[in-house]
Amino acid sequence: MSAHRVVLVDDHELFRAGVRAELGERCEILGEAGDVAEAIELICASEPDVVLLDVHLPSGSGEEVIAAVRERAPGVRFLALSVSDAPEDVIGVIRSGARGYVTKTIAADELADALGRIAEGDAVFSPRLAGFVLDAFAGGFGGGAALTHGDRELDQLTAREREVLRLIARGYTYKELARELTISVKTVETHVSSVLRKLQLSNRHQLTRWATERRLS
Amino acid sequence: MLRIALVLLGLISSGLAFAGYVLAWLFIVREGEQEPIGKRATGDRRGIMVGVALIPALIVALVLAAVLGAGWLGSGAWALFVAGAGLVLVYRNAAEDERAAMRRVAEPLWRLSSNRQRSWFVFTRRIVLGAALMLIGLAFLVSGHRVNLARAFLGLVLIIAGLVIVFGPWWLSVGHELVDERQARARAEERADLAARVHDSVLQTLALIQRRADQPQQVIQLARAQERELRAMLFSDPGADAARDESFAAALRRIQQEVEASHGVPIEVVVVGDVPLDGRFAERLSALLAAGREASVNAAKWSGAPVISLFGEAEPERASLFVRDRGGGFDLAAVAADRKGLSESIRGRMSRCGGTAEIRTAPGEGTEVRLSVRLEADRHATTDRRAGTAP
């Protein structure tokens, strides 16, 4: 398998240098960008497999980059990265189309793993994100009543999906998770992708409200 | 109601009631100008504009009255003017259904006022009008050969009206400026506060980190502590404030904080749901948390793992804790007998409160401690010992 082609978008040069050093041997790093405009140009010109995207950028947000690139290079996938675990950041960037979310404290091996997974079209949830999603879907987005916008299927996680998310929140890797549930890693990936899809399609208003309440509580 | 009554009274008697009303109106307007709330001020500005719009008609009538020597026309004009202004105020404060009824009457006046906004023509006219009003008022005051209270009063009212017309907008803008200035000051204070906090925390920590660069464990510890503090400040992370420890989630973050501080191993905490600690199941929850803390400390001390995962979930019927590390693990059968921490602090604690404790480990496999208590009343069991041991 050839190395995945990666673009780094982060406004902290030091951080980019660190990631480049850590990933240099495992991925092909096509370039780095430090702000929104630069990132959009670079990504559209180089069409990488994965963009490692900081949620917060000077002059804008990661969401803007995703929105702009989606029109010009729909094949590019995004792994969002942030120092903050603020629910609205996480939910916002996932909803705008990132296929995963990790925090900057992630270990190099896990980051390389996550990038590979995203490049192959799967989703990557950090334990924190798994916790958020469980919370959001279980608590009916803070409003008591579960999500109701017609498509009930979409508003609920299946028992299996909840189990998978719980294990991710408990710190299990996909491999450990698969062993624990005696299913294949591929099946784990399918479950996570399905949760991602539900998250991206669920009622935006309720989700935002949930995130705000969660933050204020 | 009072206003309507006053207006009606004015229409009939055209006497002192108007003057009183106008005074009251002016007073209200001035109150509005001092109001720091911009909305109210704009509302009142509109009122003034309408008043201004009415005044030319009044003056024409007054001049006509003077020229023709017909006193009745003059007093009639006053009555109309005051009634009009009163109506405007009534309209502005009326309920929606009443407004609908009055809208037809008010329509031309609104149009008049909105057509006149923001033009030099209006500005000069305003000055001229105001000055004219004041002059007329003065004339009223000085020219009276004999003492005439009503006349003197009218003069006074006219002067005040003139003042309001000339200076009203200026007063308004001064009011706005005051509000803006207050907001700007608040923002500046906020910035200064933030700068002070950043200096006290972040800069100090960075300095410490530079000085201890050769002690990675301490650097990690410093960085983690600083991270928590910043998070608490930026995102009002509920658990980071040690003073508030009344919920499950807050207590877990407290465990994270303390174990990280004393053992230097980062703990990744994820909490789903929350439950207050002082409710019906206070004892069970505190047993769960105590066992969870013990498990976290064990993991930090013995596992050798670089990071520990602590996952807590509060569901309506149950609360669970999972403490997991990818460290060395151990042979459960071999150590369980002599390690008091495990048998007593974790298993014993959980079984005493009717909860469960499960430990999954093997050499080289890492460890996971799974703890859970029920948050439902169980009538047939005698596990609720709150009366016996509660502090």
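Residues in the stretch A:32-66 that are away from chain B (no Cβ under 14 Å), aliphatic (A, V, I, L, M), under 23 Å from A:Thr103 (Cβ atoms) and not in a strand (DSSP E or B): A:Val36, A:Ala39, A:Ile43, A:Val65, A:Ile66. Condition (residue is at pLDDT 90 or above, farther than 17 Å from A:Glu22 by Cβ and of a type in the set (Val, Ile, Thr)) applied to the stretch A:84-94: is it met by at least one residue? No; the residues of the stretch A:84-94 include none that is at pLDDT 90 or above, farther than 17 Å from A:Glu22 by Cβ and of a type in the set (Val, Ile, Thr). Residue pairs, Cβ under 7 Å, 6 or more apart or interchain, first in the stretch B:200-228 and in the same structural domain as B:Glu260 (by TED's automatic domain parsing), second loosely packed, with under 13 Cβ neighbours inside 10 Å and assigned to a helix (DSSP H, G or I). List them. Hits for this filter: zero, empty list. Checking the stated criteria, B:Phe322 turns out not to satisfy the condition of being touching a residue at least 24 places away in the same chain (Cβ under 8 Å), outside any loop (DSSP other than H, G, I, E, B), within 14 Å of another protein chain (Cβ to nearest Cβ) and under 34 Å from the mean Cα position of the chain (by Cα). Of the candidates B:Arg185, B:Arg191, B:Arg224, B:Arg228, the single residue that is within 30 Å of the chain's Cα centre (by Cα) and surrounded by 11 or more Cβ atoms within 10 Å (Cβ to Cβ) is B:Arg228. In contact with a Cys (Cβ under 9 Å, 6 or more places away or on another chain), within 13 Å of B:Leu375 (Cβ to Cβ) and in contact (Cβ under 8 Å) with a residue 60 or more places away in the chain: does that describe B:Ala282? Here the answer is no, as B:Ala282 does not meet what is asked. When B:Ala213, B:Ala192, B:Ala161 are screened for being more than 30 Å from B:Gly137 (Cα to Cα) and assigned to a helix (DSSP H, G or I), only B:Ala192 passes.
Starting from residues that are part of a loop (DSSP other than H, G, I, E, B) and within 14 Å of chain A (Cβ to nearest Cβ), keep the ones in the stretch B:248-303 and report whichever is nearest to A:Val133 (Cα to Cα). Taking the candidates together, the pick is B:Gly273. Looking only at the stretch A:153-195, filter to residues that are small (Gly, Ala, Ser) and within 12 Å of chain B (Cβ to nearest Cβ); which one of those is nearest to the chain's Cα centre (by Cα)? It comes out as A:Ala169. Exactly one residue out of B:Arg254, B:Arg197, B:Arg191 is farther than 25 Å from B:Arg293 by Cβ and modelled with pLDDT of 80 or more: that is B:Arg191.
The values are calculated or read from the model by the stated rules, or taken from the named source; none is laboratory data. Because the structure is predicted, anything quoted here is derived from the model rather than measured. FYI the Cβ positions are ideal-geometry reconstructions off the backbone, even for glycines, and counts take in every protein chain you see.
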